[in-house]
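The values are calculated or read from the model by the stated rules, or taken from the named source; none is laboratory data. Remember, predicted model here, so these are calculated numbers, not experimental data. Cβ coordinates were reconstructed from backbone atoms using ideal geometry, including for glycine residues, and neighbour counts include every protein chain displayed. What goes into the accessible areas is simple: the full protein's heavy atoms, side chains included, and nothing from ligands, DNA or RNA. Shrake-Rupley method; radii C 1.70, N 1.55, O 1.52, S 1.80 Å.
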Amino acid sequence: MKPMTVQIAQRTLEDLGFAEVLRALAHRCRTETGRERALARPFLDTEEEVAEALALVAEARRLSQEQFSLPLGGVSDLRAAMELAQKQGLLEPRQLIAAAQLLFAFIRTREALEERQHLVPRLAAISKRLPELEGLAKRIDRSFESDGEISDRASPELREARDKVRGLHRRIKSRLDEMLHDESLLLKLRESYYSIRNNRYVLPVVSNYRSEVPGIVHNASQTGQTLFVEPEALVGMGNDLAIAHSVVLEEERRILQELTNQLGREAEGVLEGMAALAELDEAEAAAVLAGDLRSWEPQFEGVEELSLRRLRHPRLVLRDIEVVPNDVEMRTEARALVVSGPNAGGKTVTLTAVGLCVLMLRAGLPIPAGEGSRMPLYHTVHSTVGDAQDLSQGLSTFSAHVAMLRDITEVAGKGSLVLIDEIAADTDPREGAAIAIAVLEELLSKGAVVLVTTHLEELKALAHMDPRFLNARVGFDPQKMAPTYKLQLGAAGASSAIEVASRMGLATHICERARDLAMNAGGALAKALTAAEEERRKLQEELERAKVAAEESERLRRELEEQKQQFERERKARMMRFNEEVAAASEQAASEVQELLKTLRAQANEKAASEARAQLLQRVEEANQRAKEARAELFQVEAPQPADLRVGAWVRHSGLDKDVEILELTGDQALVAAGIMKMRVPVSELSGARAGKPKVAKFPERNKQAKQLQRAKEVAPEAVKATNYRCDVRGMRADDALTELESFLDRGMRSGEESALIIHGHGTGVLRQSIRDYLAASPYIRMFRPGENHEGGDGVTVVALRA
């Protein structure tokens, strides 16, 4: 069975503002082709297509969680350039350089995703469409300097032609310098300099001496007093220079044409690669958008009921507006949700939020709802939101609204979602309610799912008579006289029109008169709703108080648990210290006994034995006393004691959770010291000290290693500065480049160079990494760093040589 095609009317897209979501997606793309793809993102027809699109976004989110982004830097839109190259046109240097950057991006992206294929198999499969044209990328990259000028490396012929041009320039300048030192000639010149006119070297000759300086006049000053003359002796060399220049230009054009033709032969693969790169860019942008919206993928396969948890309006979230999350559910027999409540309370926001989530899911995007949400894949969405008045058609607001209801009832059916804001509102309430009920019954009979907002009492009563209808209301706080924006399912809401009018500044006496009139004007349902609203408000207040009490109980329980854990940690710490002190005391006692035994053996008399016995008894008594004190400290109860408020006393500060010394007392303030830090605190934050005044350690021998710190001060190396001593290895293979680099460093060390600049280009990064690995192990190198932006960026490495 062929799946039904998704059909979304343009009016629905405008009502819901779906274009704003697509613009947000495009804004997060990093390539022009990706942005175009995002703005044209289609709605998907089948569950399989939606599941595949969501899986692609999920893979991109996994990469984002690993702090990885696709290496798309420097990628340009070269579709027009590729078409020109296919037609054997001539690309400009900037276009060729951009093409090389694009080809390198293909390589980097493909390698990065293939390395993570186990994590992102779908993205890796797309990356296989990226062409591997590293050779062409390097050829183009090698042919240009960083400023865009064609490099001498582009061809031997170009290097030779430019060398000839440079040689001719030197010869002409040398001859001109000789002429400017000729005293007889200087008298005939306006000033002692030479310049270039029409690509020829000339001297500024005073017009009166024109006949005395043979040569060709190429220009004159505005006054005519100075003639710019190419001396006759330089005409031949000037002609040679012009010819050499033309050879250079011809060779440069030949190189550009050769590179363009090579690129043109690969144009189809490059265009396919750009399309794949745009798809990857769009997937990454969708992952970023999902993160910004805190979105989840709802369950949709085989789902028929609507259940959105903690739903937030995507457009409001994108505008950084604080949004109250709401649950929207229609289970069992319910097929129509009737949302009522005060104006400006969030009814339309709820309506459009559901509609946007339906569209986002059909477009393969996660929705801003909580985990566990469920939503069917509706194949059509119809809406009428806002004022439909059309003066050009002679339609009033109500007439235009009815015309839209007519169109919707004609096309809606099973699998349709219908969103109607303020149904049949702009006419007589009784007749409007009748029309609204008839329209809703017709839509439900056709199998459509409907969300409708209303102030009509008859619609609010439907849920009590027909299980297909479910009431929901947006709350209103009568104490604050403001809406709560919280959706409550299963209850109809009062319009609270008078309260809203008062909040908007309508005169107090007018609002009071309106309340008096409304007391006797409402029907039985209105009064029942008012009574139910008051009862619900009281229950809600009791629920809030119970919730606050429960939260306070939970907070106290957590605090007690934390105190228990802290006490247990301190007890274990004291046990450890006790064990360490006992071990140290035992070791010290054993050492002292050994010393006494040595003394006894050496002296071997009764007096010495008696003295030794006395010393041993004294040591035993001291050890017993220390053990007793340690045990008392171990099992001490940590109950706060009253503070001893006097200067010099030690007390406990509740904020720092440590003992501090009182330095000064002034009223209800105390100046205390915690180590080297001094501060003034309220005495109410002070309690009895836990440990008392710090004592000298019982066993100072245990701290011998604590005095071995802070003996040396590291001297930070000076920054390495760029230099004119440089080595250019762009375009070389890694082995050849390292050989050239080794020879270059040998020469630098012999000549006493302090630093050097190694130019390796960007490329794929393999040559750069090989060079830096070699530098890290080289005995010649004191340190090295990547180049700054003005030095060539990561395409160069600046090194400092050892003295």
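Within region 88-95, the presence of at least one residue that is hydrophobic (A, V, I, L, M, F, W, C) and more than 23 Å from Ala363 (Cβ to Cβ) is confirmed.
Taking region 188-206, which residues are farther than 17 Å from Gly224 by Cβ and open to solvent by 40 Å² or more (accessible area, probe 1.4 Å)? Within region 188-206, Ser192, Tyr193, Tyr194, Ile196, Asn198, Asn199 qualify. Taking the conditions (1) within 30 Å of Arg94 (Cα to Cα); (2) in contact (Cβ under 8 Å) with a residue 24 or more places away in the chain; (3) not in a helix (DSSP H, G or I) in turn, Ile196 satisfies each one other than (2).
Screening the candidates Arg680, Arg772, Arg730 for the property of being basic (Lys, Arg), at pLDDT 80 or above, out of contact with any Phe, Trp or Tyr (no Cβ under 6 Å at 6 or more places or on another chain) and open to solvent by 100 Å² or more (accessible area, probe 1.4 Å) yields one hit, Arg680. Just checking, does region 743-751 include any residue being part of a loop (DSSP other than H, G, I, E, B) and at negative phi? No: zero hits. The condition (being at positive phi, at pLDDT below 80 and surrounded by fewer than 18 Cβ atoms within 10 Å (Cβ to Cβ)) is satisfied by just one residue among Met481, Met519, Met504: Met481.
The sole residue among Arg265, Arg254 that is open to solvent by 40 Å² or more (accessible area, probe 1.4 Å), within 28 Å of Tyr201 (Cβ to Cβ) and either basic (Lys, Arg) or in contact with a Phe, Trp or Tyr (Cβ under 6 Å, 6 or more places away or on another chain) (or both) is Arg254.
Selection of region 304-352 for residues being under 14 Å from Lys486 (Cα atoms), touching a Leu at 6+ places or on another chain (Cβ under 9 Å) and small (Gly, Ala, Ser) yields Ser340, Gly341, Gly346. For region 755-771, a residue qualifies if it is out of contact with any strand residue (DSSP E or B) (no Cβ under 6 Å at 6 or more places or on another chain) and either farther than 27 Å from Thr109 by Cβ or free of Cβ contacts under 8 Å to residues at least 40 places away in the same chain (or both), and the qualifying residues are His760, Val766, Leu767, Arg768, Gln769, Ser770. What tally of residues in region 199-237 results from selecting those that are closer than 17 Å to Leu180 by Cβ, assigned to a helix (DSSP H, G or I) and of a type in the set (Gly, Ala, Ser)? So the count comes out to 1.
Here Ser751 clears all of (1) closer than 24 Å to Gly135 by Cβ; (2) open to solvent by 50 Å² or more (accessible area, probe 1.4 Å); (3) among the hydroxyl-bearing types (Ser, Thr, Tyr) except the condition numbered (1). State whether the residues of region 229-246 include one that is surrounded by 15 or more Cβ atoms within 10 Å (Cβ to Cβ), free of Cβ contacts under 8 Å to residues at least 40 places away in the same chain and in contact with a His (Cβ under 9 Å, 6 or more places away or on another chain). Yes - at least one qualifying residue is present in region 229-246.
Among the residues making up region 416-452, those that are assigned to a loop (DSSP other than H, G, I, E, B), in contact with a strand residue (DSSP E or B) (Cβ under 7 Å, 6 or more places away or on another chain) and either at positive phi or of a type outside the set (Val, Ile, Thr) (or both) are Asp421, Glu422, Ala448.
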